[in-house]
1. Just add up the charged neighbours of Pro9: K/R +1, D/E -1, any other residue whose Cβ is under 11 Å from the Cβ of Pro9.
2. Hey, for a label at Arg148 modelled as a point 7 Å past Cα toward Cβ, could you say which residues of region 35-51 have their backbone N under 14 Å away?
3. Once you place label points 7 Å from the Cα toward the Cβ at Gln63 and Lys449, how far apart are they in nm?
4. On a C-alpha basis, how far is the centre of region 81-137 from the centre of region 322-375 in Å? Whole number, if you could?
5. Give me the base-10 log of I(q)/I(0) for region 2-151 at each q in 0.20 Å⁻¹, Debye formula, one uniform scatterer per Cα, rounded to two decimals.
6. Within region 2-151, what percent of beta bridges assigned by DSSP are antiparallel, to the nearest 5?
7. Tell me, rounded to the nearest percent, the portion of alpha carbon pairs in region 183-283 spaced more than 22 Å apart.
8. So how much slack lies between Glu278 and His135, counting 0.36 nm per residue of separation and subtracting their Cα-Cα distance, in nm?
Amino acid sequence: MDFKTLTAPKDGLCAIPADALLLVLASTSVPTTLPAPLAAAVQGVVAAGDLKLEPGRALYLHQVPGLKAARLVLAVCAPSAAPASWRKALGAGLALLKDGGARHVAVALVGAEPGDAHAEALAAVASEATYVYRHTKPSAPAASRLQRLSLVCDKAQAKALDAGLSRGLAIAEGVALARELANRPANHCTPTHLAAEARALARRHGRLTVEVLERKDAEKLGMGAFLAVAQASHQAPKFIVLRWQGAAKAKAPVVLVGKGITFDTGGVSLKPAPEMDEMKFDMGGAASVLGTFDAVARMGLAINLVGLVPTCENMPGGGAVKPGDVVTSLSGQTIEILNTDAEGRLILCDALTYAERFKPAAVIDIATLTGACVIALGHHRSGLFSSDDTLAAALLAAGEQGNDPAWRMPLDEAYDEALKSSFADMGNVGGRPGGAITAAKFLQRFAAKFDWAHLDIAGTAWKSGKEKGATGRPVPLLAHFLIERAG
Ligand code: BES
Ligand code: MN
Ligand code: ZN
């Protein structure tokens with residue numbers, strides 16, 4: 001989809017050359033600044049009781065006299081035009097247009113001035129509304145005819161808003177990639193498939209390179225924890241290394257580490273059958289790393305970025321790792337695997353140790369790590385754990401900016417107690433209480449050599465139920481964090 005500004009005076013809205021005009025009213029009374037034909041239309045539908053001027057409401061009108069665009073959608077947002085309200089109004093408005101005949105929609109905000117955050121949100125909402133999964137469902141309804149969205153503004157604002165639109169589009173494309181990969185079923189989206197997608201991403205962008213370590217490479221390195229998870233699967237494990245060089249070589253990179261369990265059966269500690277299909281989304285962290293690289297490359301950010309994606313299946317079987325088995329991680333620390341379903345931390349810990357070689361400025365891991373995090377925070381905020389207050393504050397702020405919020409969780413020393421083992425340096429589980437925190441404490445033992453943060457996205461990476469599907473989170477959070485760092 002194409003997003004551009006369209007400069008037009010507010011009294012010129014009636015002459016805008018588009019298939020549809022989406023008029024967002026930042027008002028709870030009929031605005032006084034509208035050109036006569038539009039004022040009459042709004043007045044009419046409000047008087048008739050067809051449109052209540054309450055935020056989130058929207059109404060479709062066809063062939064309004066005096067309006068060049070054949071279609072008019074009125075959408076209401078709060079007088080402040082605050083981002084959340086703007087998004088809601090756009091969502092309601094675009095829902096009335098996306099399955100219709102309009103190819104080009106002009107969007108105008110009345111009663112407030114759009115800023116670059118509004119522009120970015122427009123790209124996000126439009127892209128979200130028009131995504132269709134078809135990889136294993138080619139019969140899915142035709143994609144929306146919407147091709148072009150124009151944000152109406154004054155000449156003076158055009159540059160800033162165009163920048164917002166292109167940033168929004170870059171992030172939206174990253175989100176769409178993350179959603180698409182996570183939505184693909186585990187028999188399609190294997191570790192090999194993820195590696196091929198990473199290579200394809202590198203082919204699409206200059207300055208982006210990919211290297212894939214095979215099982216024998218991981219063996220040579222001594223990634224005993226990662227390999228233990230992979231050992232019963234017929235799918236070859238892959239350890240994907242992505243590098244984006246957008247700044248001087250000497251500049252320390254940010255490293256993103258994404259959990260890439262393409263299917264989590266639980267292993268010998270087998271999961272119960274209900275909803276087990278959703279464990280195809282257990283590579284949501286990996287998908288968000290690939291999506292973030294896509295967004296970063298589209299924006300050409302002046303940073304160095306490394307992506308590490310350990311990816312494999314967690315399967316039971318005759319060759320599977322068993323409860324009580326002790327493995328030696330890449331760090332040299334030994335781990336007693338008390339529960340084979342706590343596999344995410346096992347593949348991540350070796351990736352965290354591997355991250356040391358990049359002398360990183362910061363390392364952020366992203367993982368659908370614990371059901372306990374879903375119990376703690378539900379599906380709205382991701383769990384954020386960090387030993388570094390500055391890094392934590394930057395990630396929280398980025399989440400707010402990207403409409404992809406997180407909430408900070410504790411890492412007190414006292415929680416570490418639960419990981420004690422009689423037979424190894426640590427166990428891989430710490431019991432049910434504070435399960436998201438003990439998982440983070442486990443990871444922290446492998447992150448002593450750099451500034452580190454951990455995002456538990458178990459509750460936010462996908463939706464269950466009727467609208468089952470990946471969300472692409474936390475690509476917006478990560479993209480905003482990196483935009484800020486690039487300055
Ligand atoms: N991938 C799961 C976490 C998960 C479960 C995310 C349900 C979203 C919904 C992870 O590998 C896992 O199984 N974690 C266990 C840890 C436990 C054994 C300590 C869990 O949360 O039950
Ligand atoms: Mn598991
Ligand atoms: Zn898992």
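The values are calculated or read from the model by the stated rules, or taken from the named source; none is laboratory data. Worth saying up front: this structure is predicted, and the values here are computed from it rather than measured. We place every Cβ from the backbone using ideal geometry, glycine too, and count neighbours over all the protein chains shown. Heads up: the accessible areas ignore ligands, DNA and RNA and are worked out on the full protein's heavy atoms, side chains in. Shrake-Rupley method; radii C 1.70, N 1.55, O 1.52, S 1.80 Å.
1. The answer is 0.
2. Under 14 Å, as judged by backbone N against the label point of Arg148, lies no residue of region 35-51.
3. About 7.2 nm, to one decimal.
4. 39
5. Rounded to two decimals, the profile gives -1.27.
6. 20
7. 40
8. Result for the pair: 49.8 nm of gain on full extension.
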